[in-house]
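Participant: The structure follows.
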Amino acid sequence: MYHNSMKFFFAGTAVATGLRALLKILFVDLTTGFYFGGAPAAWLFAAVLIISAAGLLWFGRREHDEEPAVLRGNRRLECVAVLLGVLLLVSSVSGLLRVLQLDASEGMVNQMPWILQLAEHLLGIVSGGVFFYLAIVLLSGASRSGFQGLLALIPVLWQTLNMVDRFFGFRQVSTASDQTLEVLFLVSATLFLLSHTRCVAGMPLSRRAGVTRGFLTALFGVPLAIGQLASIAVLGSAGTGPDPMRLSVILGISLYAAACSLSLILSPGRREEH
């Protein structure tokens, strides 16, 4: 099952990541985020993303799979969950220290209000702990519960504030390549984390939806993070895109989303268990 979805995901992600790294190094203006050349590569990159995303949506809907999405523990998933927890903790603690140094009485330009920034990073710290807890629960094979689902909802709240935080700093999403790609990731990641909450809580959710949302999140997130990191490594600047700390979290969420999708595909359904 899901053979076509996996082909589109792995091939599309690999090609898009290579093209994105090439574009960021050679053709993206680090000051504005706009392309200043390399139109064929830019069009090819857009085409690969569109075709890959469309393929994931198309084949995901056509899968003859009526089983619910049930996450089961495995070493790959638990290790990635721990990695994401570490990245969230480090990033959020760093962000919290930065916010505490700001003067809340001063007006903030292209930034969320001080109290919302504080809430974002506090939720990020708690979310890091949530992923540690979920890794232990999945490893132990404990049954899903509403309490676990409630905990898994905390990263959704964090991701929502994180998305709003990024929108405050965006200049022109419709044309800036960095910001367009990041918007696609942020929206996909929010939908994935909502699906993830339902999986962890044991609430009814189509396995097809869970697999597709996880793959879409990684499809947008991996090229975004790797391309930006390539730009930093070669040119020494992140430009208009996410900073290295945020990039690490984006990559962590993308890897976790892909691991969840693969775990859903490889896990037997309820009917198969009987």
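The values are calculated or read from the model by the stated rules, or taken from the named source; none is laboratory data. None of the values given here were measured: they were computed from a predicted structure. Positions of Cβ are backbone-derived with ideal geometry, glycine not excepted, and every protein chain shown enters the neighbour counts. To get the accessible areas, we keep the full protein, side chains included, count just its heavy atoms, and leave off ligands, DNA and RNA. Shrake-Rupley method; radii C 1.70, N 1.55, O 1.52, S 1.80 Å.
Participant: Hey, what's the Kirkwood Rh for segment 1-150 if you take every pair of different alpha carbons, in angstrom? Each step should come with its number before you reach the end.
Facilitator: Values: mean 1/r = 0.0512 Å⁻¹.
When all Cα pairs of segment 1-150 are included, the Kirkwood radius is 19.5 Å.
Participant: Can you give the Kirkwood hydrodynamic radius for segment 198-242, in Å, rounded to one decimal and based on Cα pairs? Don't skip to the end; give the middle numbers.
Facilitator: Values: mean 1/r = 0.0789 Å⁻¹.
Roughly 12.7 Å, rounded to one decimal.
Participant: Stretched out fully, how many nm does the piece from residue 94 to residue 30 gain, at 0.36 nm a residue minus the Cα gap? Can you show the working numbers first?
Facilitator: Numbers: separation 64, 0.36 × 64 = 23.04 nm, distance 2.43 nm.
Extra length from residue 94 to residue 30 when fully extended: 20.6 nm.
Participant: Applying 1/(1 + (r/R0)^6) with R0 = 41 Å to the Cβ-Cβ distance of residue 119 and residue 61, what FRET efficiency is obtained, to the nearest 0.05?
Facilitator: On the way: r = 37 Å, r/R0 = 0.89.
Efficiency for this residue pair is about 0.65.
Participant: Right, next: Give, as a single signed number, the net charge of other residues whose beta carbon lies under 12 Å from the beta carbon of residue 5, with Lys and Arg counted +1 and Asp and Glu -1.
Facilitator: On the way: positive: 7, 61, 62, 207, 208, 213; negative: 63, 65.
My count for the surroundings of residue 5 gives +4.
Participant: Using a simple charge model, +1 on the beta-carbon of Lys and Arg, -1 on the beta-carbon of Asp and Glu, nothing else, what dipole does the chain show about its Cα centre, in debye to the nearest 20? List each step's numbers first, then the result.
Facilitator: On the way: 19 positive and 15 negative charges, 130 e Å.
Computed charge dipole of the chain: roughly 620 debye.
Participant: Taking all protein chains together and a probe of 1.4 Å, list 158, 58, 114 from the most accessible to the least accessible. Display every interim value, and only then the final one.
Facilitator: Details: 158 15, 58 150, 114 65 Å².
The most accessible residue leads, giving 58, 114, 158.
Participant: Same structure again: Can you give me the Kirkwood hydrodynamic radius for the chain, using every pair of distinct Cα atoms, in Å to one decimal? Show your work: numbers first, answer last.
Facilitator: On the way: mean 1/r = 0.0520 Å⁻¹.
Result for the chain, one decimal place: 19.2 Å.
Participant: What per residue convex hull volume, in Å³, comes out for segment 1-90 when only alpha-carbon positions are used?
Facilitator: On the way: hull volume 13.6 nm³, N = 90.
Roughly 151 Å³ of hull volume per residue.
Participant: I need to check one value: relative contact order of the chain, counting alpha carbon pairs closer than 8 Å and at least 6 residues apart, in percent. Could you put the intermediate results ahead of the total?
Facilitator: Working: 400 pairs, mean separation 86.5, N = 274.
Once divided by the residue count of the chain, the mean separation gives 32 percent.
Participant: Ranked highest first by the average count of other Cβ atoms within 10 Å around their residues, in what order do 183-191, 45-53, 247-255 fall? Mind showing how you got there, number by number?
Facilitator: Values: 183-191: 21.1, 45-53: 18.3, 247-255: 23.6.
Result, highest mean first: 247-255, 183-191, 45-53.
Participant: What range in the chain is the longest one free of GluC sites (Glu not before Pro) that are in a loop by DSSP and have at most 12 other Cβ atoms within 10 angstrom?
Facilitator: On the way: sites that count: 66, 106.
Free of exposed loop sites, the longest segment is 107-274.
Participant: While we're on this one: Using a 1.4 Å probe on the protein heavy atoms only, what accessible surface does residue 260 show? Give it in Å² to the nearest 10.
Facilitator: About 0 Å², rounded to the nearest 10.
Participant: While we're looking at this one, here's another question. What does the charge add up to near residue 135, with Lys and Arg as +1, Asp and Glu as -1, over the other residues with Cβ less than 14 Å from its Cβ? Write out the running numbers ahead of the final one.
Facilitator: Numbers: positive: 72, 75, 76; negative: 78.
Residues close to residue 135 contribute a combined charge of +2.
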